[in-house]
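Each value in this text was obtained by applying a stated rule to the coordinates, not by laboratory testing. What you are looking at is a predicted structure, and each value in this text was computed from that prediction instead of being measured. All Cβ positions, even for glycine, are placed from backbone atoms using ideal geometry, and neighbour counts span all protein chains on display.
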Amino acid sequence: MGGKKGLLSIGEVSRITGASVRSLRYYEKINILKPAHTDPYSGYRYYSFEQINLVGVIMYCNELDIPLKELTRFIDRSATVDLSALLAYGKGIAEKKLRNIQKGLRFIENAEREIALTEKHRQSHKAYSREMPQKFFRVAPYVQPFEESESASEIMKLFFGFEYGAKDSYELLEYGFLCEHSPSGVRRYAFMELPERKASARYDVKVIPAGTYFCKRSEESQIEQARQIFAKQLKGTVSFLAIETDVFVAKYKIDAPPVNELRVISVSG
């Protein structure tokens, strides 16, 4: 096996495990891996072959972003490692990390589908239709026409203080502007989409119907001109919803306005 008294030198442990010599010395410094023997004259460190598995556990914990100093919780005064408790703790961390990765992948997949859909109309200046599911918007009334507002960020300040939870942050949730057109006039709102599980009486929520929406893309806000833009599609319609929100596109210009999608749908008066 090599090494003094049948033990492994620190260099040999490094080669076997892949842990750097510097890391092994750090493990010793924070009291999670003591050498089996340290030569009193040379200061060389030697490890038993049985310690190889512990080095592997420490490295996996490091991969899981478990603070190494936290591992001292599993080592008692007699330098005995409660490996069973440590592995159970690491498993919990790994499962949580895996769930977050899976949620992140779902977000990426949803974004890719949205990009694929919007890219079909990338060069189109004409209206197109798309099927939209039912959505839930948390709304805040806005009095003046949106074209007179300073910026979208000014309107979105109406929602400052509201926080999405960890579960929500991976969903493809929209925000933007909503106009309700009816015989009595136009009601304007800023909105933030809510997951269905949060669409409760706690918030001022509007249920946006599923159905076929007529859409048009633009780099400028056109929601105030929705009736004129979709004159053909809204012919004879008295009541309709106009929604404007940013959309995912394959390439964004950092110094250019986001791409908006204006949508309209007829509703019963």
Per-residue Cβ contact counts at 10 Å, fewest first, order SER48, SER20, SER239 as SER20, SER239, SER48
Counting lysine pairs in the stretch 4-95 that sit 8 or more positions apart or on different chains, with Cα atoms under 21 Å apart, gives 5
Going residue by residue through the stretch 110-118, the Karplus relation 6.51 cos²θ - 1.76 cosθ + 1.60 with θ = phi - 60° gives ³J(HN,Hα) values, rounded to whole Hz and with x marking Gly or Pro, of 5, 5, 5, 5, 5, 4, 4, 5, 6
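Can you check what the Kirkwood hydrodynamic radius comes to for the stretch 60-103, Cα pairs only, in Å to one decimal?
11.2 Å
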Proxy exposure order for THR245, THR72 (fewest C-beta within 10 Å first) is THR72, THR245
Scalar couplings 3J(HN,Hα) for the stretch 210-227 by Karplus 6.51 cos²θ - 1.76 cosθ + 1.60 (θ = phi - 60°), nearest whole Hz, x for Gly and Pro, are 6, x, 8, 10, 8, 10, 8, 9, 7, 8, 10, 5, 10, 4, 6, 9, 4, 5
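Among HIS121, HIS181, what is the fewest-to-most ranking by other Cβ atoms within 10 Å?
Starting with the residue having the fewest Cβ neighbours, the order is HIS121, HIS181.
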Contour minus Cα-Cα span, ALA88 to LYS103, at 0.36 nm per residue, comes to 3.1 nm
Sequence order, the stretch 69-77: Karplus ³J(HN,Hα) from phi using 6.51 cos²θ - 1.76 cosθ + 1.60, θ = phi - 60°, Hz rounded, Gly and Pro as x, gives 5, 6, 5, 5, 4, 9, 10, 8, 5
D (µm²/s, integer) via Stokes-Einstein for the stretch 29-110, Kirkwood Rh across alpha-carbon pairs, 10 °C, 1.306 mPa s: value 107 µm²/s
